[in-house]
Amino acid sequence: MGEAPYRGDQAGQWFWQKLAPSFSAMRTLPVSVRRRLEETYAFSTVTPHAKRVADKGQTVKYLFRLADGRTIETVVMQYDASARSRARTTICVSSQVGCPIGCTFCATGRSGFDRNLSQAEIVDQFLMASRDLAEGQRSLTNVVFMGMGEPLNNYAAVVGAIRRWAGPDTLNFSPRRVTISTIGLVPFIERLGAEGLPEPGHLPARARR
Ligand code: SF4
């Protein structure tokens, strides 16, 4: 947009670290820049369409609408601390619209396959839920790819999203906190093992959480 580079850094901080809900909320940017951002870019690739709270607030189910009108499901689950584990707030993200695998026990499988999600559509599920949680001073601790779709059938976008969340200039979210649920696509499992995803020890100290 022809602005000084530090304006980009400011926008990035508002977007990733401060979880701003919109371009207009990025208060350190001049109003004219915020307005041009709003006119030029979509703030998110997913839009909340419906939200349902269950289990006395422990589970929140989102239905997000995509730019092409399709919808996907995302679920946030809170687990209290137990003798064996710390308290967790886990997001279950979708990786595809529908699923081509067709497991008979699964409603998504019975609905057929529509398309892969983009990396941004996966990343934005995390960000939308995080903005919601931030209002209650909470944040996500874990991710599971167990929503709609077979994640390893959308390998590049899924790994791209994990890398994006892990970035030191984005969320510093450790890939060790991400679980991929798969029917067992062995070549992709082997590829994932050799992917070289950043580990906590390779991230700045403040990222090790
Ligand atoms: S792979 Fe997962 S999302 Fe796809 S049909 Fe089977 S259980 Fe459902």
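How high is the relative contact order of the stretch 1-141, given as a whole-number percent (alpha carbon pairs under 8 Å, six or more residues apart)? Contact order relative to length: 16 percent.
Considering only VAL186, VAL75, VAL123, the Gaussian network model of the chain with Cα springs below 10 Å gives its largest mean-square fluctuation to VAL186. Per-residue packing, averaged as other Cβ atoms within 10 Å, sorts the ranges 140-153, 82-95 into the order 140-153, 82-95, beginning with the highest.
Only residues of the stretch 128-153 count here: report those whose backbone N is under 19 Å from the spot 7 Å along Cα→Cβ of CYS106, or say none. Only 143-153 fall inside the zone, counting backbone N under 19 Å. Normalising the Debye intensity of the chain to I(0), with uniform scatterers on Cα atoms only, and taking log10 at q = 0.18 Å⁻¹ returns -1.43. Taking Cα atoms only, the orientation of helix 119-134 departs from the longest principal axis of the chain by about 70 degrees.
Computed from backbone phi, the HN-Hα couplings of the stretch 23-37 come to 4, 5, 7, 7, 5, 7, 8, x, 4, 5, 5, 4, 5, 5, 4 Hz, rounded to whole numbers (Karplus: 6.51 cos²θ - 1.76 cosθ + 1.60, θ = phi - 60°; Gly and Pro given as x).
With r defined as the distance between the Cβ atoms of ARG88 and ARG191 and R0 fixed at 45 Å, what FRET efficiency is calculated, to the nearest 0.05? Intermediate results must be reported in sequence, preceding the final value.
Values: r = 28 Å, r/R0 = 0.62.
My answer for the efficiency is 0.95.
Could you state the orientation-averaged shadow area of the convex hull built on the Cα atoms of the stretch 1-43, in nm² to one decimal? Show your work: numbers first, answer last.
Values: hull surface 10.8 nm².
That works out to 2.7 nm², a quarter of the Cα hull's surface.
For the stretch 40-121, the square roots a ≥ b ≥ c of the C-alpha gyration tensor eigenvalues yield an a/c of 1.5 or more together with a/b not exceeding b/c, which makes the shape oblate.
No lab work stands behind these numbers, since they all come straight from the coordinates. Model, not experiment: these values are computed from the prediction. For neighbour counting, all protein chains shown are included, and Cβ atoms are generated from backbone atoms with ideal geometry for every residue, glycine included.
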